[in-house]
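A short worksheet on the structure shown next.
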Amino acid sequence: MSQYTPPIRDMQFVLHEMLNAEATFKSIPAFEEIDADTVNQIIEEGGKFCAEVLQPLNVVGDSEGCTLNKADHSLKTPTGFKEAYQQFVEAGWASLSCDPNYGGQGLPVTVNQAFYEMMNSANQAWTMYPGLTHGAYDCLHEHGSQEQKDLYLPKLTSGEWTGTMCLTEPHCGTDLGMLRSKAEPQADGSYKITGAKIFISSGEHDMAENIIHLVLARLPDAPVGTKGISLFLVPKFIPNADGSLGARNPIFCGAIEHKMGIHGNATCQMNLDGATGWLIGQPHRGLAAMFVMMNAARLGVGMQSLGLTEVAYQNAVVYAKDRIQSRSLTGPKASDKPADPIIVHPDVRKMLLTTRAYAEGGRALCMWTALELDKELNHPDEAVRKEASDMVALATPIVKAFITDNAWEATSHCMQVYGGHGYIAEWGMEQYVRDSRINMIYEGTNTIQSLDLLGRKVLGDGGAKLMKFGKMVRALCESEANNPAMKEFIEPLADLGDKVSKLTMEIGGKAMQNPDEVGAAAVDYLRVVGHLFYAYFFAKAAKIALEKQASGDKFYTAKLHTARFYFQKMLPETAMLIRKARAGSSSLMEMEADLF
Ligand SMILES: Cc1cc2nc3c(=O)[nH]c(=O)nc-3n(C[C@H](O)[C@H](O)[C@H](O)COP(=O)(O)OP(=O)(O)OC[C@H]3O[C@@H](n4cnc5c(N)ncnc54)[C@H](O)[C@@H]3O)c2cc1C
């Protein structure tokens, strides 16, 4: 059975010592009252909820799964899920970073994200119910009419109602331009929506009294492709003007998917049979509006994998200290026992340290991105908002794809640490491996994220956003240029920064002749840029750890060890990735399809 202890100390290190979140909050009028103590109190309390309430339900959710009653379309979530959700709503956790105008607590996104990391460590499948609700809230908050906001946002804010995103159809997932669901305008201004959606997370459940579906569909006069998609709000129960529940809308769950992981989350086939909906935003501009939810969800998926990486690490460490097997190559370390604990073996350490570095690097990247998002949404200075928005745009595909790819590797390493026991269900580790796999697929596969990064975010603006991040890297390198203790971190960081610039120019040049060059390089490219981010954060962490290690606090010693391991054993992966990215598209594209 696995355990979970919220990593409060490392969260505090990242937020307060590395990123100085309090200074960012002070620069934003809406957050000027929020100091480090307030943040600490919230994450400590939130951590208790995750460890005490959500974590014990993780195995229950996996083994029971959800059950659909096809006769009345009701869906039962695993034992305890509903009660935990009630506790979540009653304690006000749903509303942390929501707008006070709709009953929210008005806290920074950063604080909410820290809480979500812990919820995901404790129980990813459960966390998807409120996680999607938050995305629906964001989308409606930005694109809904005032009337829609007044009716729906208070209930989504409190968590009394939950939300979904209904994009995927059986014949189209990545290429939403092909979607077929139809919306017929009605005389009263509403629409009748008909179609079949698949793989809808949290599409039906018994945890809240109403579910607000955000549905993509086409109007009768819609142009073909993505320019003809509109967004509709389709409630399970149509609310009356006072927020009480009215008629049941014909949007029903026809079946639930049986899947590899996240069994506690209902993945639903949703049938819309003339369901009543209301347009959100402009006709044919639905995909742009939905992107608000998709971007929030992409950051959310990164948090899912960060959470799994952390919890897998914690459990693998406990096991590696306890399990005795073979003697250390350098002679017995536990001579009172018949063998040494497996943590003495170099390769076991490599697996543990790799996972640890992915967790710490991922946490730094996620918290930094969340702080940039807080600036983008709330900073009074337009130039700061624009700069922050560029950083969030650049970082979003990296948070989604790099962290989720890494979590798949990390959870697999942690399973390996357990040997055969890792493959056996009762230890809990195989669930983390299974749960983590979906994170590389949904919300746009990781391939699509890499195309978004290289094609749109980097080459699409002539490298401007990447150069802004490059400036931060250079500033750190220049400020530490004369610090001999930092040489081991700064030299490889500066070197990678130069190599990324050259690689970007080279691919950009080749792509002008042949667009397949982007597709052939993108996945490796994203990984290289992901490492540039992590190297930057680990160099910053190492600088703080070097300054503070004399305090005797072992936290800094461990941080320095992890940073050294990252630079010596993980960063060299970039040399191979760059070589692969430069190898171009010909070996991929020249083989005729019928030879496969
Ligand atoms: C458990 C689960 C939960 C989900 N939850 C939701 C949800 O809540 N709401 C929702 O709307 N959807 C949801 N999805 C759907 C999910 O977002 C899609 O499965 C995903 O976007 C991929 O679409 P697809 O499955 O149709 O694959 P396809 O689009 O058919 O892709 C197949 C393969 O082709 C690749 N590919 C496609 N196009 C390109 C390209 N241009 N370049 C390179 N490679 C390409 C893909 O990367 C992939 O490897 C969920 C799926 C699952 C399994």
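The values are calculated or read from the model by the stated rules, or taken from the named source; none is laboratory data. Treat the numbers as computed from the prediction; the structure is a model and nothing was measured. Neighbour counts are summed over all protein chains in view; Cβ atoms, including those assigned to glycine, are modelled from backbone coordinates with ideal geometry. Side chains included, ligands, DNA and RNA excluded: accessible areas come from the protein's heavy atoms. Shrake-Rupley method; radii C 1.70, N 1.55, O 1.52, S 1.80 Å.
Taking the condition in a loop (DSSP other than H, G, I, E, B), within 16 Å of the ligand (Cβ to nearest atom) and out of contact with any His (no Cβ under 6 Å at 6 or more places or on another chain), does N265 pass?
yes
Of T557, T574, all but one fail to be touching a helix residue (DSSP H, G or I) at 6+ places or on another chain (Cβ under 7 Å), without any contact (Cβ under 8 Å) to a residue 60 or more places away in the chain and polar (S, T, N, Q); the exception is T557. Of all residues in the stretch 299-318, those satisfying the criterion of being open to solvent by 20 Å² or more (accessible area, probe 1.4 Å) and either closer than 26 Å to R180 by Cβ or not β-branched (V, I, T) (or both) are G300, Y313, Q314. Of all residue pairs spaced 6 or more apart or on separate chains, those with beta-carbon atoms under 6 Å, a first member in the stretch 165-179 that is farther than 23 Å from G300 by Cβ and a second member that is open to solvent by 10 Å² or more (accessible area, probe 1.4 Å) and not aromatic (F, W, Y) are P170/I198; G177/G225; G177/T226. Just for the stretch 171-188: of the residues that are more than 11 Å from the ligand (Cβ to nearest atom) and of a type in the set (A, V, I, L, M), which one is nearest to I229 (Cα to Cα)? The qualifying residue nearest to I229 (Cα to Cα) is A183.
If you go through the stretch 92-102 one residue at a time, do you hit one that is more than 25 Å from the chain's Cα centre (by Cα) and surrounded by 17 or more Cβ atoms within 10 Å (Cβ to Cβ)? Among the residues of the stretch 92-102, at least one is more than 25 Å from the chain's Cα centre (by Cα) and surrounded by 17 or more Cβ atoms within 10 Å (Cβ to Cβ), which makes the answer yes. Close Cβ contacts (under 8 Å, 6 or more residues apart or on different chains) running from residues in the stretch 102-121 that are within 24 Å of T411 (Cβ to Cβ) to residues that are surrounded by 24 or more Cβ atoms within 10 Å (Cβ to Cβ) and basic (K, R) comprise E117/R363. Within the stretch 481-524, the residues that satisfy the criterion of being surrounded by fewer than 19 Cβ atoms within 10 Å (Cβ to Cβ), part of a helix (DSSP H, G or I) and within 16 Å of the ligand (Cβ to nearest atom) are D516, G519. Kindly indicate whether T226 is open to solvent by 10 Å² or more (accessible area, probe 1.4 Å) and in contact with a Gly (Cβ under 8 Å, 6 or more places away or on another chain). Judged against the criteria, T226 is a match.
If I filter the stretch 140-150 for residues that are under 17 Å from G286 (Cβ atoms), open to solvent by less than 10 Å² (accessible area, probe 1.4 Å) and within 13 Å of the ligand (Cβ to nearest atom), do I get at least one hit?
Within the stretch 140-150, the first condition is being under 17 Å from G286 (Cβ atoms), and the residues that meet it are 140-145, 148.
When the remaining residues are screened for being open to solvent by less than 10 Å² (accessible area, probe 1.4 Å), the result is 140.
Right, trim to within 13 Å of the ligand (Cβ to nearest atom) and you get none.
No: zero hits.
Quick check on the stretch 221-228. Is at least one of its residues without any contact (Cβ under 8 Å) to a residue 60 or more places away in the chain and in contact with a helix residue (DSSP H, G or I) (Cβ under 6 Å, 6 or more places away or on another chain)? Within the stretch 221-228, one or more residues are without any contact (Cβ under 8 Å) to a residue 60 or more places away in the chain and in contact with a helix residue (DSSP H, G or I) (Cβ under 6 Å, 6 or more places away or on another chain).
Would you point out the residue of the stretch 438-453, among those that are within 10 Å of the ligand (Cβ to nearest atom) and of a type in the set (A, V, I, L, M), that is farthest from G173 (Cα to Cα)? Looking at residues that are within 10 Å of the ligand (Cβ to nearest atom) and of a type in the set (A, V, I, L, M), I get L451.
Which of the residues belonging to the stretch 546-594 are among the basic types (K, R), more than 26 Å from K510 (Cα to Cα) and surrounded by 12 or more Cβ atoms within 10 Å (Cβ to Cβ)?
Of the stretch 546-594, the ones among the basic types (K, R) are 548, 554, 559, 564, 569, 579-580, 582.
The next check asks that each one be more than 26 Å from K510 (Cα to Cα); those that pass are 548, 554, 559, 564, 569.
Hits for the stretch 546-594 are K548, K559, R564, K569.
The residues on offer are F199, F237, F232, and the sole one that is open to solvent by 20 Å² or more (accessible area, probe 1.4 Å), within 16 Å of the ligand (Cβ to nearest atom) and either at pLDDT 95 or above or acidic (D, E) (or both) is F199. Residues that are buried (at least 24 other Cβ atoms within 10 Å of the Cβ) and β-branched (V, I, T) were ranked within the stretch 408-437; the one that is farthest from the ligand (Cβ to nearest atom) is V417.
Listed residues R527, R456; which is touching a helix residue (DSSP H, G or I) at 6+ places or on another chain (Cβ under 9 Å), within 13 Å of the ligand (Cβ to nearest atom) and among the basic types (K, R)?
Details: R527 fails: within 13 Å of the ligand (Cβ to nearest atom).
After applying the criteria, what remains is R456.
Check whether at least one residue in the stretch 34-41 is crowded, with 21+ Cβ neighbours inside 10 Å and touching a helix residue (DSSP H, G or I) at 6+ places or on another chain (Cβ under 9 Å), and report yes or no. Yes, the stretch 34-41 has at least one match. The residues listed here are D405, D347; of these, the one that is acidic (D, E), open to solvent by 40 Å² or more (accessible area, probe 1.4 Å), closer than 30 Å to P332 by Cβ and assigned to a helix (DSSP H, G or I) is D347.
Set side by side, the residues G131, G135 differ, and just one is part of a helix (DSSP H, G or I), modelled with pLDDT under 95 and out of contact with any Pro (no Cβ under 6 Å at 6 or more places or on another chain), which is G135. Checking each residue in the stretch 247-262 for being in a strand (DSSP E or B) and either away from the ligand (no atom under 14 Å from the Cβ) or closer than 25 Å to G144 by Cβ (or both) picks out A247, R248, I251, F252, C253, G254. Quick check: is even one residue across the stretch 118-136 away from the ligand (no atom under 12 Å from the Cβ), more than 16 Å from G281 (Cα to Cα), surrounded by fewer than 24 Cβ atoms within 10 Å (Cβ to Cβ) and among the aliphatic types (A, V, I, L, M)? No, that holds for no residue. Is there a residue in the stretch 281-300 that is under 24 Å from the mean Cα position of the chain (by Cα) and without any contact (Cβ under 8 Å) to a residue 60 or more places away in the chain? Yes, there is a match, as at least one residue in the stretch 281-300 is under 24 Å from the mean Cα position of the chain (by Cα) and without any contact (Cβ under 8 Å) to a residue 60 or more places away in the chain. The numbered conditions (1) surrounded by fewer than 24 Cβ atoms within 10 Å (Cβ to Cβ); (2) in contact (Cβ under 8 Å) with a residue 12 or more places away in the chain; (3) among the hydrophobic types (A, V, I, L, M, F, W, C) are all true for A266 except (1).
Can we say P108 is more than 16 Å from the ligand (Cβ to nearest atom), more than 23 Å from N439 (Cβ to Cβ) and in contact with a Gly (Cβ under 8 Å, 6 or more places away or on another chain)?
The answer is no for P108.
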